[in-house]
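Have a look at the structure below before the remarks.
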Amino acid sequence: MAFARPISTTRSTAGMPTGRLAVWWVIASEVVIFGGLLASYIMHRLAHDAWTAQAAHTNMWIGAFNTLVLLTSSLSAVLAHKAAEEGDGARAAKLLCATIGGGLLFLCVKAFEWTIEITAGFTLQSSTFWSFYYTASGLHAAHIIAGVIILAFVASTARKNLELHRVELIGLYWHFVDVIWIFLFPLLYIAK
């Protein structure tokens with residue numbers, strides 16, 4: 001028995017497939033959330049000189065490593081999209097698994113980093129800087145977790161050569177998560 005394709009994959013709005021439009025709407029709403037958080041962070045940072053001393057305790061090398069991990073995972077997402085466009089679902093699934101691996105590695109490094117910081121006494125209650133730090137990086141980590149879960153689902157269908165258009169959609173989301181980290185890394189680790 002043949003199943004009818006969902007209407008979201010067969011229609012377009014404003015010349016764009018509705019699935020892609022939906023992802024862009026999600027990204028736009030997330031930009032508002034992260035934009036507000038980052039704007040308030042920057043305003044507080046400029047108004048409080050004590051933040052420089054607090055930020056000096058973040059480990060730039062761990063942040064740089066995690067940046068490399070996310071950028072590499074974005075490359076595998078791009079290659080997965082290319083494979084999906086060529087109709088090679090098995091290759092797309094393997095590349096999405098590499099992206100998942102990057103996301104999981106990022107989370108492991110972040111957990112290690114937080115363990116070091118919390119053990120050293122830098123907690124949510126330590127200062128406003130650390131409150132912002134854990135809120136921003138925690139919100140970002142939650143988005144990584146969501147992305148990894150969705151990537152696993154899309155990889156499972158791509159492996160069967162089904163719904164290959166979803167590879168592009170999760171790729172857009174994953175690139176958004178990477179771009180957010182590109183803003184967080186200098187604000188939390190470099191600007192001391």
Folded to 0 to 90 degrees: helix 89-119 orientation relative to the chain principal axis, Cα:
20 degrees
Report, ordered by chain and residue number, the lysines lying within cross-link reach of Lys82, taken as a straight Cα distance under 22 Å and ignoring same-chain residues fewer than 8 apart.
Lys94, Lys160
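Within the set of other residues whose C-beta is less than 15 Å from the C-beta of Thr128, count the net charge using Lys and Arg as +1 and Asp and Glu as -1.
Computed value for this residue: 0.
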For Lys110, list the lysines whose Cα falls under 22 Å from its own Cα; do not include residues on the same chain fewer than 8 positions away.
Lys192
Candidates Thr119, Thr18, Thr135; GNM for the chain (alpha-carbon contacts under 10 Å) flags as most fluctuating Thr119
Relative contact order, percent, the chain [alpha-carbon distance under 8 Å, six or more residues apart]
30 percent
Which of (i) 22.3, 71; (ii) 26.6, 91; (iii) 18.9, 67 is the computed Rg and Dmax of the Cα atoms in Å? It is (iii)
Any idea what the dipole of the chain comes to, in debye rounded to 20, about its Cα centre with Lys/Arg Cβ at +1 and Asp/Glu Cβ at -1?
420 debye
Tilt of helix 60-85 relative to the longest C-alpha principal axis of the chain, in degrees (0 to 90, nearest 10)?
10 degrees
Rounding to the nearest 10 and keeping the result within 0 to 90°, find how far the Cα-based axis of helix 18-47 lies from the longest principal axis of the chain.
10 degrees
Value of [θ]222 nm, deg cm²/dmol, for the chain, DSSP H segments ≥ 4, -39500 (n - 2.57) each, nearest 500
-27000 deg cm²/dmol
Name the residue farthest towards the positive end of the dipole of the range 19-190 from the options Trp51, Leu169, His140, assuming +1 on Cβ of Lys and Arg, -1 on Cβ of Asp and Glu, about the Cα centre.
Leu169
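Just so you know, all these numbers are worked out from the coordinates, no wet-lab data involved. As the structure is a computational prediction, the values presented were derived from the model and not from experiment. FYI the Cβ positions are ideal-geometry reconstructions off the backbone, even for glycines, and counts take in every protein chain you see.
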